[in-house]
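Colleague: Supplied in structure tokens, the structure appears directly below.
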Amino acid sequence: MPTRRHPSQRILIIGGGLAGLCAAYELQAQGHQATVLEAQKRPGGRVRTLREPIPSGLYTEAGPETIPSAHEITQHYARNFNLNLLPNGAPGMRGFYHVRGKRIMPGASAEWPFELSDDERRMGMAGLRLKYLDPANQQAIDAGFDRDPVRALAPFDQRTPGAWLRSLGASPAAADLLTLAARGRTPGRLNACPTCAANCGFAMVAQAVSPALPILDDF
Ligand SMILES: Cc1cc2nc3c(=O)[nH]c(=O)nc-3n(C[C@H](O)[C@H](O)[C@H](O)COP(=O)(O)OP(=O)(O)OC[C@H]3O[C@@H](n4cnc5c(N)ncnc54)[C@H](O)[C@@H]3O)c2cc1C
């Protein structure tokens, strides 16, 4: 951040998610007095590590869990705060989904507990992703995602992931399945990340260990 050229200000920041916390950190570093107002009883927003009700020492992420190398700003803060970054994915471990009380091993024969249409059931998760998410990825790439990701993703930033999928012809059940991972405490629009929202699987695990986590209807 550039050096401050004007008198110190008292600044209110609404929301103590990563954006609000980073803003407060940078403003304070500039000598401003920043106060963060957070609606929930904890900071972090969508970043939420669950340590209960699972055995001591274990934890799971109900929100983000990966920092891609392209996320330079997040990487910058990780370095700044001397955080120890671990490689994504434990070697030799197999991932699975836990959804609606059922353990689902990914694969062509996975039976999802959703009222999918016959076509959607035949397609399975892989086919649904191929049909709905891959074209969106390509559209963003073609729109210059590598140069200006915000602009390239702007067309997706108008509705919730579920509404977006339904507008493309997905059944409500298929939209539910593809957006399960996005059902945390994040109401609102697509947040310019449709495929990210639909691709993450770990929130399903989080909901399994913590059934009290609210599921929002407006996805
Ligand atoms: C399941 C899931 C997986 C994800 N995976 C990844 C990942 O792997 N890698 C990655 O980089 N990103 C990931 N993301 C996205 C990442 O979590 C978000 O981009 C980031 O956390 C957003 O931070 P934010 O501060 O902008 O918003 P938020 O985290 O939503 O914070 C907003 C805060 O504002 C508060 N607030 C809202 N309104 C008010 C108000 N009126 N008054 C007071 N407080 C208010 C909210 O309570 C909240 O705490 C994931 C998100 C989800 C949900």
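The values are calculated or read from the model by the stated rules, or taken from the named source; none is laboratory data. Everything quoted here is computed from the prediction, not taken from an experiment. Please note: Cβ atoms are built from the backbone with ideal geometry, for glycine as well, and neighbour counts cover all protein chains shown.
Colleague: Under 8 Å by Cβ, and 6 or more places apart or on different chains, what pairs join a residue from the range 167-186 that is of a type in the set (Asp, Glu) with one that is surrounded by fewer than 22 Cβ atoms within 10 Å (Cβ to Cβ) and at pLDDT 90 or above?
Modeller: If the second residue must be surrounded by fewer than 22 Cβ atoms within 10 Å (Cβ to Cβ) and at pLDDT 90 or above, the pairs left are 176/114.
Colleague: Continuing with this model, one more query. Run down 106, 53 and say which single residue is at pLDDT below 85, more than 18 Å from the chain's Cα centre (by Cα) and surrounded by 14 or more Cβ atoms within 10 Å (Cβ to Cβ). Steps first, answer last, please.
Modeller: Details: 53 fails: surrounded by 14 or more Cβ atoms within 10 Å (Cβ to Cβ).
None of the others qualify; the one that does is 106.
Colleague: Of all residues in the range 36-50, how many are of a type in the set (D, E, K, R) and over 19 Å from the mean Cα position of the chain (by Cα)?
Modeller: Here the count works out to 2.
Colleague: Here are 58, 37: which of them is within 16 Å of the ligand (Cβ to nearest atom) and either at pLDDT 85 or above or within 30 Å of residue 148 (Cβ to Cβ) (or both)?
Modeller: 37
Colleague: Ok, one more. Of the residues in the range 40-50, how many are surrounded by 12 or more Cβ atoms within 10 Å (Cβ to Cβ), more than 9 Å from the ligand (Cβ to nearest atom) and without any contact (Cβ under 8 Å) to a residue 60 or more places away in the chain? Show your work before the answer.
Modeller: Going through the range 40-50, the residues surrounded by 12 or more Cβ atoms within 10 Å (Cβ to Cβ) turn out to be 40, 43-50.
Still in the running and more than 9 Å from the ligand (Cβ to nearest atom): 49-50.
Okay, now just the ones that are also without any contact (Cβ under 8 Å) to a residue 60 or more places away in the chain, so 49.
Of the residues in that region, 1 qualify.
Colleague: Please list, ordered by residue number, the helices (runs of 4 or more DSSP H) wholly in the range 91-164 having 3 or more residues that are among the acidic types (Asp, Glu).
Modeller: Values: elements: 118-128, 134-142, 149-153.
The helices (runs of 4 or more DSSP H) meeting that bar are 118-128.
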